[in-house]
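**Q** I have a structure I would like to understand better, so I am pasting it below and will then ask my questions one at a time.
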Amino acid sequence: MAHPYRRRGRRKVCRFCVDPSLPLNYKHPEVLRQFLSERAKIVPRRISGNCSYHQRLLTREIKRARNVALLPFTELP
Amino acid sequence: MAELWNRYESLILFDPDLGEEARTELIGRVKEYITNASGRILKTDHWGLRELAFVMKGRSKAYYLLVEFAGPAPVSTELARRLNLLDTVLKFQTIKLEDRVDPAELPEAEEESGVPAAEEKGAEETPAEEAAAAQAGDAGEAEKTEE
């Protein structure tokens, strides 16, 4: 019998590890945008499946992009 | 051993209401700030007019200019000081790309990429480089060597 709390579904993998050519810097807001929620919050690693290294860089780059208005700080859904 | 330099990259947001000639003049002035502080410009990339993600100083658009340069450490603070004095600059952000580089090993200044202001129409996600790559073949290919 499966454990009642066992996670089901597909295992999440870090998209930046899978595809090293995926640009991870503030100059590509369209990539970073995918890691923002509807309210423009940064999606946690738990949800996105990013590795800690890339999540760290991602956070930094999203914040940089926000400073120069390439990404919003907040947004209404 | 000679003094070591740092390599920086600045993204500068200019007032969108600036006329074309006023803007070119201003951009020239900004470049002089770098060279006068004994820095050297390595690359300039005109992203052109872009929609801002939020309203900033009453503007919903800005003219984006990316400048890559190198110089002794004070060059970035000097540039920041000067840019803060200009009210036609909405915002700017300087990032240190590399530190302790030997000025002798820096690449030659690269040709200006992106059409300086001619691409007003591309207000959406067209970071000028693609357009430049399409037009200028070899120049566009060297462009991709960032990071």
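**Q** Checking the conditions here, which among A:Glu61, A:Glu38 is under 30 Å from B:Arg59 (Cβ atoms), loosely packed, with under 10 Cβ neighbours inside 10 Å and out of contact with any strand residue (DSSP E or B) (no Cβ under 7 Å at 6 or more places or on another chain)?
**A** After applying the criteria, what remains is A:Glu38.
**Q** Next up: Out of curiosity, is B:Leu97 farther than 20 Å from B:Leu18 by Cβ, of a type in the set (A, V, I, L, M, F, W, C) and within 17 Å of the chain's Cα centre (by Cα)?
**A** Yes, satisfied.
All of the numbers you see were taken from the coordinates with simple rules; none came from a lab. Treat the numbers as computed from the prediction; the structure is a model and nothing was measured. Cβ coordinates were reconstructed from backbone atoms using ideal geometry, including for glycine residues, and neighbour counts include every protein chain displayed.
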